[in-house]
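Trainee: Here you go, one structure.
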Amino acid sequence: GSDLIELFNYLSGFSKQKNYKKLLVAPFSMRKKFVYLIKRETNNAKNGKKAVIIAKMNSLVDPEIIELLYEASKNGVIIKLIIRGICSLYPQKPNLSENIYVKSIIGHFLEHSRIFWFFNDHHPEAYIGSADWMRRNLDRRIEAITPIEDKKLKKQLYDLLMTYLNDSYFSW
């Protein structure tokens, strides 16, 4: 809660704080944290550990994130993406993205939830928030992502992601 108060104060001009205890805020800390999380999964895969990234968002167009995902895939990270709109990543391309799967959700309403799930060697980390993996979201806007720390809520998020990934009616 204190992070949100500080963010609100920053947005209203009453604070200059750009570092937060738990909240990931673009353009200050969000990109750096996502880079770290993807690289950690890559290192886990290199060390023979199970490594999985599942992410749900509207758009994936950030070149740095895409390159990191390609590198992760080449090293054995299983990457499952649920993207509603634009996706500039080429999934299932030999020697580039063989371990990347992309599913698109279609429906009557714009899907706004963003969920980011990292396996983290059997200690999953989950995040929810407003940002897509786009330059404008990571570098030019104020966006917020928060970690989900409660194990029961993490399990519910994981189950929700599996529902999206297993759905064949509203997705392709």
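The values are calculated or read from the model by the stated rules, or taken from the named source; none is laboratory data. Please read these numbers as outputs of a predicted model, since none were measured by experiment. Glycine also receives a Cβ, built like all others from the backbone with ideal geometry; neighbour counts cover every protein chain displayed. Only protein heavy atoms, including side chains, enter the accessible area calculation; ligands, DNA and RNA are left aside. Shrake-Rupley method; radii C 1.70, N 1.55, O 1.52, S 1.80 Å.
Trainee: Report, by residue number, each residue of region 41-82 that is under 13 Å from the mean Cα position of the chain (by Cα) and open to solvent by 40 Å² or more (accessible area, probe 1.4 Å).
Mentor: Hits for region 41-82 are VAL61, LYS80.
Trainee: Also, I was wondering about something else. Return the pair list, or none, for Cβ contacts closer than 6 Å from residues in region 57-76 that are within 24 Å of GLY129 (Cβ to Cβ) to residues that are charged (D, E, K, R) and open to solvent by 10 Å² or more (accessible area, probe 1.4 Å), at least 6 apart or on different chains.
Mentor: MET57/ARG114; ASN58/ARG84; ASP62/ARG135
Trainee: On to the next question. Which ones in region 1-40 are open to solvent by 80 Å² or more (accessible area, probe 1.4 Å), at pLDDT below 95 and in a helix (DSSP H, G or I)?
Mentor: Across region 1-40, the qualifying residues are LEU4, ILE5, PHE8, LEU11.
Trainee: Continuing with the same structure: Inspect all residues belonging to region 83-92 and state whether any of them is free of Cβ contacts under 8 Å to residues at least 12 places away in the same chain, under 24 Å from ASP62 (Cα atoms), of a type outside the set (Gly, Ala, Ser) and surrounded by fewer than 17 Cβ atoms within 10 Å (Cβ to Cβ).
Mentor: The answer is yes; a qualifying residue exists.
Trainee: Take the residues in region 116-172 that are among the polar types (S, T, N, Q) and without any contact (Cβ under 8 Å) to a residue 12 or more places away in the chain, then tell me which one is farthest from VAL52 (Cα to Cα).
Mentor: SER168
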